[in-house]
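Peer 1: Here's a structure for you.
The values are calculated or read from the model by the stated rules, or taken from the named source; none is laboratory data. Keep in mind the model is a prediction, meaning the values are calculated, not measured. Neighbour counts are summed over all protein chains in view; Cβ atoms, including those assigned to glycine, are modelled from backbone coordinates with ideal geometry. Accessible surface is based on the protein model in full, side chains and every heavy atom, while ligands, DNA and RNA are left aside. Shrake-Rupley method; radii C 1.70, N 1.55, O 1.52, S 1.80 Å.
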Amino acid sequence: MNLIYVLDILGTFAFAISGALVASDKRFDLFGVIIIAFVTAVGGGMLRDVLINAHPINWIGDLNYFWTILIAVVFTFLFKSKIAHLSKTMFLFDTVGIGVFTLLGLEKALSFGLHPIIALIMGMISAVFGGVLRDVLTNKIPLIFEKEIYASACLAGGITYLILNYFGFPENIIFIISASVIVIIRAVAVKFELQLPKIKDDLFTKN
Amino acid sequence: MNLIYVLDILGTFAFAISGALVASDKRFDLFGVIIIAFVTAVGGGMLRDVLINAHPINWIGDLNYFWTILIAVVFTFLFKSKIAHLSKTMFLFDTVGIGVFTLLGLEKALSFGLHPIIALIMGMISAVFGGVLRDVLTNKIPLIFEKEIYASACLAGGITYLILNYFGFPENIIFIISASVIVIIRAVAVKFELQLPKIKDDLFTKN
Amino acid sequence: MNLIYVLDILGTFAFAISGALVASDKRFDLFGVIIIAFVTAVGGGMLRDVLINAHPINWIGDLNYFWTILIAVVFTFLFKSKIAHLSKTMFLFDTVGIGVFTLLGLEKALSFGLHPIIALIMGMISAVFGGVLRDVLTNKIPLIFEKEIYASACLAGGITYLILNYFGFPENIIFIISASVIVIIRAVAVKFELQLPKIKDDLFTKN
């Protein structure tokens, strides 16, 4: 569980940096950058906790999120141009964050006695809606809706979790396997630029 | 009450299709379409339930919303070009949805002991904010703010409900009359392109 | 406490007018204007109350907010062109509103037993997020992220509050001094067009 907490914090750090980068590209001032970093990093879990009535919500109950985000913003402020050269490291952190956020969100919802389908949705909200809120606040169409197999990876990992959990595997094993599913699918999808289908005129019409 | 539940589900179906159509016009991928359909269909009730602290919130407490939305997305995927020819049917479902959402939201707020004015607002939030959230997520100015007498119809229907309720009419009668008020006002307004006034420079200035 | 309540209502009035002005510039209809005025005036406190689980939330628990906003919209409708000449009065109301919203939000969070850092954030959310929601709903990049020292003034006032509170000063004194800090910083910042720094390429790079 300790390792998972460390991964959660690393994921928060990576999400906060991704938010800070978007905000600084938009020429936001320091406060704007902090708010966007904050929303990106904890927005998904915050929405989940409000929806399932889990109070205190994530960042109110644990100040480590706040400090992590603040450090991430300072880090971005200091090393913005260097971070570009760390894109592989950042992608790794980010992907690990997605995996961990999905599974922790799913676990939390299950622990509140919610239906597995709802838990699956909550896992995905945890991983995805930080980025959605970031894009809404910076007045862009959320990236997640257009590209990236991101949400599908979370879904696949979440389903893996539920299946392994159903068959009674030990929690750590479940967590590692399911997180790996998410990380691998996302990495493969990004590498090969896989995308989900879009709705054309309709399925029976030639385009 | 059973009929009302059926109408609620029909309204959810119509709202989900309207969301799916907007999202597919924006070239969102399958996940994006599902999310927008979901938010459009249950976003208003979700916001209401979070604001009045009614947990579990609508779609968490009843999985039928989830399945209805999923079916609506599949339906849109398969028959997108045909739906255009069903615009009258869709408009009917949509308008019925608006009426039912308004009144169910109002009733729920009253059953939580809230002031009738708050209940009226909650009814309108239930009917209107799904579309607002859809527009925010697809980066458009919410339609409701610019055109359509939509919200006024909900308000008139809600006030009708409260008055009839005050005089002790039976619930079913109240529901049918109030819903009819909403449906008729909206249908007439759309047919004759009625609009609410806008704020000009000021009322005492000629334009 | 009575004076503070009056200031809270005055601030709500000023915020509602600012929202109504933005909405009428966007050519929204009457309902759109009311919704934007409403969200601008009570959106920050509403978000705070949802996040800290303080039910009934601000405007549900006290209908005076609703009436104040309605009067503000009517006032804007009638006197739009005159309000332009009242810009100093409006700026004063608005700034007092920011100060009062910050401190009342902070106090409320403290009274819920939350950590001072969280209380500080809640104070800022109370003062700032009404405007953020207004901008999101009117499809603009939130002003707060780009200009205006607004949030910094709230932060400074909030920290002043916490320090004076720590040393046991009487509540009224604390409130007046902290609110003055906010009002003065904002007034000075607007007068001299002070801004927070932005993230350049990075701190060690010449621009």
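Peer 1: Can you tell me how many residues in segment C:131-178 are within 16 Å of C:VAL190 (Cβ to Cβ) and part of a helix (DSSP H, G or I)?
Peer 2: Total meeting the criteria: 10.
Peer 1: Tell me whether segment C:6-15 contains one or more residues that are within 12 Å of chain B (Cβ to nearest Cβ) and touching a residue at least 40 places away in the same chain (Cβ under 8 Å). Walk me through it before giving the result.
Peer 2: Filtering segment C:6-15 for residues within 12 Å of chain B (Cβ to nearest Cβ) gives none.
Among the residues of segment C:6-15, not one is within 12 Å of chain B (Cβ to nearest Cβ) and touching a residue at least 40 places away in the same chain (Cβ under 8 Å), which makes the answer no.
Rundown of residues vs (1) under 30 Å from B:LEU133 (Cα atoms); (2) at pLDDT 90 or above, yes/no style:
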{"position": "C:THR102", "(1), (2)": "yes, yes"}
{"position": "C:LEU106", "(1), (2)": "yes, yes"}
{"position": "C:ALA109", "(1), (2)": "yes, yes"}
{"position": "C:GLY113", "(1), (2)": "no, yes"}
{"position": "C:MET122", "(1), (2)": "yes, yes"}
{"position": "C:ASN139", "(1), (2)": "yes, no"}
{"position": "C:GLU171", "(1), (2)": "no, no"}
{"position": "C:SER178", "(1), (2)": "no, yes"}
{"position": "C:PRO197", "(1), (2)": "no, no"}
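Peer 1: Of all helices (runs of 4 or more DSSP H) completely enclosed by segment A:1-82, which ones contain at least 1 residues that are open to solvent by 10 Å² or more (accessible area, probe 1.4 Å) and at pLDDT below 90?
Peer 2: Where helices (runs of 4 or more DSSP H) fall fully within segment A:1-82 and carry at least 1 residues being open to solvent by 10 Å² or more (accessible area, probe 1.4 Å) and at pLDDT below 90, they are A:2-25, A:30-51.
Peer 1: Still on this structure, I have one more. Determine which member of the set A:VAL100, A:VAL96 is over 16 Å from A:LEU21 (Cβ atoms), outside any loop (DSSP other than H, G, I, E, B) and open to solvent by less than 10 Å² (accessible area, probe 1.4 Å).
Peer 2: From the options A:VAL100, A:VAL96, the qualifying one is A:VAL100.
Peer 1: Still on this structure, I have one more. If you scan segment A:16-36, which residues turn out to be small (Gly, Ala, Ser) and in contact (Cβ under 8 Å) with a residue 24 or more places away in the chain?
Peer 2: Of everything in segment A:16-36, those that are small (Gly, Ala, Ser) and in contact (Cβ under 8 Å) with a residue 24 or more places away in the chain turn out to be A:ALA16, A:SER18, A:GLY19, A:ALA20, A:ALA23, A:SER24.
Peer 1: Continuing with the same structure: Return only the number of the condition from (1) within 24 Å of B:ILE141 (Cβ to Cβ); (2) in contact (Cβ under 8 Å) with a residue 40 or more places away in the chain that A:ILE125 does not satisfy.
Peer 2: Failing condition for A:ILE125: (1).
Peer 1: Still on this structure, please answer the following. Mind checking which residues of segment C:40-72 are under 18 Å from C:GLY19 (Cβ atoms) and over 17 Å from the mean Cα position of the chain (by Cα)?
Peer 2: Once the filter is applied, which keeps residues that are under 18 Å from C:GLY19 (Cβ atoms) and over 17 Å from the mean Cα position of the chain (by Cα), segment C:40-72 yields C:ASN64, C:TRP67, C:LEU70, C:ILE71.
Peer 1: Scanning for something away from every other protein chain (no Cβ under 13 Å) and not aromatic (Phe, Trp, Tyr), does segment A:56-65 turn up at least one residue?
Peer 2: So far as segment A:56-65 goes, no, none of its residues is away from every other protein chain (no Cβ under 13 Å) and not aromatic (Phe, Trp, Tyr).
Peer 1: Of everything in segment C:165-176, what is aliphatic (A, V, I, L, M) and surrounded by 18 or more Cβ atoms within 10 Å (Cβ to Cβ)? Give them in sequence order.
Peer 2: Hit for segment C:165-176 is C:ILE174, nothing else.
Peer 1: So, one more: Looking at B:ILE83, B:ILE141, B:ILE176, B:ILE98, which is the one that is under 19 Å from the mean Cα position of the chain (by Cα) and in contact (Cβ under 8 Å) with a residue 12 or more places away in the chain?
Peer 2: B:ILE98
Peer 1: Test of understanding: among B:PHE28, B:PHE93, which residue is under 19 Å from the mean Cα position of the chain (by Cα) and of a type in the set (Phe, Trp, Tyr)?
Peer 2: Going through B:PHE28, B:PHE93 in turn, just one is under 19 Å from the mean Cα position of the chain (by Cα) and of a type in the set (Phe, Trp, Tyr): B:PHE93.
Peer 1: Being over 18 Å from B:VAL42 (Cβ atoms) and not aliphatic (A, V, I, L, M) is the filter here, so list the residues in segment B:96-121 that pass it.
Peer 2: Hits for segment B:96-121 are B:SER111, B:PHE112, B:GLY113, B:HIS115, B:PRO116.
Peer 1: Here are the criteria: (1) open to solvent by 10 Å² or more (accessible area, probe 1.4 Å); (2) touching a residue at least 60 places away in the same chain (Cβ under 8 Å); (3) within 13 Å of another protein chain (Cβ to nearest Cβ). Tell me which single one B:ALA109 does not satisfy.
Peer 2: (1)
Peer 1: Hey, another quick one. Taking the conditions exactly as written (away from chain C (no Cβ under 14 Å), open to solvent by less than 10 Å² (accessible area, probe 1.4 Å) and under 28 Å from A:ILE176 (Cβ atoms)), does A:LEU114 satisfy them or not? Give the steps one after another, and end with the answer.
Peer 2: Working: away from chain C (no Cβ under 14 Å): yes; open to solvent by less than 10 Å² (accessible area, probe 1.4 Å): no; under 28 Å from A:ILE176 (Cβ atoms): yes.
It is false that A:LEU114 is away from chain C (no Cβ under 14 Å), open to solvent by less than 10 Å² (accessible area, probe 1.4 Å) and under 28 Å from A:ILE176 (Cβ atoms).
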